[in-house]
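Have a look at the structure below, then the notes.
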Ligand SMILES: Nc1nc2c(c(=O)[nH]1)N[C@H]1C(S)=C(S)[C@@H](COP(=O)(O)O)O[C@H]1N2
Ligand SMILES: [Mo]
């Protein structure tokens, strides 16, 4: 069989690689916000782009194999080799994750490694393009034929991605129970016995309930302050905490409906967002209508929340990824606009 018949021309391979890696980066970062099944396409596109890259990378490496002889290694080539190794590593860890692999890297695991290798592609690709960039005019020589080859490659990628589900099921791998986000189940319906995670570095001292109050502030007619014992608890709901580091856990949560706190405080006409603020400075906002249906939980599966999971109060925001479920909440702030700085706070609180 002559593989060249199925292989796009060299320039088209380079552009295909660029598009595949750019798509992988954009969708990889995009999964951070994929909370509902309506966003499953982000992960699907990520996976299909990964399979396309698996198809293209060997073609490119075969073509340039003579350039990497040790005596010919220049700065540009070292960047190229690093890029190839990193891409291969990101692909391998991604595929391994899909089929249920794990890795013990102290506080980190396989999914973290995949994320790190994936993010590293961005600077390496930029450096590589700086050295190796060719203008696009040379790309279109076999335009039609290459387009067909790419259509075939993408279709193959979609088929392979479609097949991994049944293969995982048939082999009963640890990858079989993944959610559409890629996360794997851990500790559902078992009270506090699920992973404790911080987005970056939050690790506060345990909160002393005697010193703690919950303040409702901002664009409200009557500000309020509650002791733990005064909180109008009695609401409950079932929701999935799905952390962007690759695990999810489903529980029954008990606590206060945010809508009940808002009704008591009476937001004014300009109120549009509700920000949940942690004792650590970590904070996140939800649109006010969504916030009404969210829960501030004091208990999980009937157990009092442990310190690690946010005692005395943590946000339960259904259909939102875990990093938005603020722990150790001490203030509910009604605002007109979303605070831009909360982005930064998520990264630097606790550092
Ligand atoms: N204050 C605060 N809340 C936080 C975090 C944090 O670092 N600080 N981490 C978030 C992340 S990334 C996740 S996945 C969940 C984890 O909740 P858990 O530790 O109860 O599993 O809490 C979120 N809430
Ligand atoms: Mo997370």
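So residue 329 ticks every box in (1) over 19 Å from the mean Cα position of the chain (by Cα); (2) farther than 26 Å from residue 230 by Cα but one. Which box is left unticked?
(2)
Can you tell me which residue within the range 239-269, out of those that are out of contact with any strand residue (DSSP E or B) (no Cβ under 7 Å at 6 or more places or on another chain) and within 26 Å of residue 198 (Cβ to Cβ), is nearest to ligand 1 (Cβ to nearest atom)?
243
State whether the residues of the range 46-53 include one that is closer than 30 Å to residue 144 by Cβ, without any contact (Cβ under 8 Å) to a residue 24 or more places away in the chain and surrounded by 14 or more Cβ atoms within 10 Å (Cβ to Cβ).
Checking the range 46-53: at least one residue is closer than 30 Å to residue 144 by Cβ, without any contact (Cβ under 8 Å) to a residue 24 or more places away in the chain and surrounded by 14 or more Cβ atoms within 10 Å (Cβ to Cβ).
For the range 303-340, enumerate the residues that are more than 16 Å from ligand 2 (Cβ to nearest atom), assigned to a loop (DSSP other than H, G, I, E, B) and touching a strand residue (DSSP E or B) at 6+ places or on another chain (Cβ under 9 Å).
Once the filter is applied, which keeps residues that are more than 16 Å from ligand 2 (Cβ to nearest atom), assigned to a loop (DSSP other than H, G, I, E, B) and touching a strand residue (DSSP E or B) at 6+ places or on another chain (Cβ under 9 Å), the range 303-340 yields 305, 306, 311, 312, 313, 336, 337, 338, 339.
Output the number of residues of the range 341-351 satisfying the condition of being closer than 21 Å to residue 292 by Cβ and part of a loop (DSSP other than H, G, I, E, B).
The qualifying residues number 0.
Checking residue 155 against (1) within 18 Å of residue 19 (Cα to Cα); (2) at pLDDT below 95; (3) out of contact with any helix residue (DSSP H, G or I) (no Cβ under 7 Å at 6 or more places or on another chain), which test does it fail?
Of everything listed in (1) within 18 Å of residue 19 (Cα to Cα); (2) at pLDDT below 95; (3) out of contact with any helix residue (DSSP H, G or I) (no Cβ under 7 Å at 6 or more places or on another chain), residue 155 misses just condition (2).
The values are calculated or read from the model by the stated rules, or taken from the named source; none is laboratory data. Because the structure is a prediction, the values reported are computed rather than measured. We place every Cβ from the backbone using ideal geometry, glycine too, and count neighbours over all the protein chains shown.
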